[in-house]
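The values are calculated or read from the model by the stated rules, or taken from the named source; none is laboratory data. This one's a predicted model, so the numbers in the text were calculated from it and none came from an experiment. For neighbour counting, all protein chains shown are included, and Cβ atoms are generated from backbone atoms with ideal geometry for every residue, glycine included. In case anyone asks, the SASA skips ligands and DNA or RNA and just uses the protein heavy atoms, side chains included. Shrake-Rupley method; radii C 1.70, N 1.55, O 1.52, S 1.80 Å.
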Amino acid sequence: MTTQPNAQPFWLSGLISTGLGALAVLGHAPFHIWPAFAFALCGLILLLDGAFLSARPKRSAFWRAWAWGF
């Protein structure tokens, strides 16, 4: 549940984090598409910045980072 109208629902932020984490894999061997990793890392930073709009910002930031690394 969100507290502010600009905050994303938890399932959407988790889905975006997982997708960005999957995109980050392309930056490593054997693909070596390093702009994909840079894009995914910037996306993670934006998602973590947006986590502080939720009711429990530390928990939201943890689960977003965990989904990105999953």
Taking 25 Å as R0, compute the FRET efficiency from the Cβ-Cβ separation of W11 and A38 and round it to 0.05. 0.45
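Hey, can you find the accessible area per residue of the chain for me, probe 1.4 Å, expressed in square angstrom? Let's see the in-between values first.
Working: 5070 Å² over 70 residues.
About 72 Å² of surface per residue is accessible.
Keeping the other protein chains in place, figure out the carbon and sulfur percent of the accessible area of the chain, with a 1.4 Å probe. Don't skip to the end; give the middle numbers.
Numbers: 3750 of 5070 Å².
Carbon-and-sulfur percentage of accessible area, whole number: 74.
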Helix 57-69 sits at what angle to the longest principal axis of the chain, using alpha carbons and giving 0 to 90 degrees rounded to 10? 20
Neighbourhood charge, 13 Å Cβ-Cβ cut-off, centred on W66 and excluding it, Lys, Arg +1 and Asp, Glu -1: +3
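Report the full-extension gain for the segment F52 to T18: residue separation times 0.36 nm, less the Cα-Cα distance, to one decimal in nm.
Values: separation 34, 0.36 × 34 = 12.24 nm, distance 1.89 nm.
Separation in residues times 0.36 nm, less the Cα-Cα distance, equals 10.4 nm.
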Region 15-30 - phi-based ³J(HN,Hα) in whole Hz, Karplus 6.51/-1.76/1.60, Gly and Pro as x: 5, 5, 4, 5, x, 5, x, 5, 5, 5, 4, 5, x, 9, 4, x
Each residue of region 48-54 in order: what ³J(HN,Hα) in whole Hz does its phi give by Karplus 6.51 cos²θ - 1.76 cosθ + 1.60, θ = phi - 60°, with x for Gly and Pro? 5, 5, x, 5, 7, 8, 7
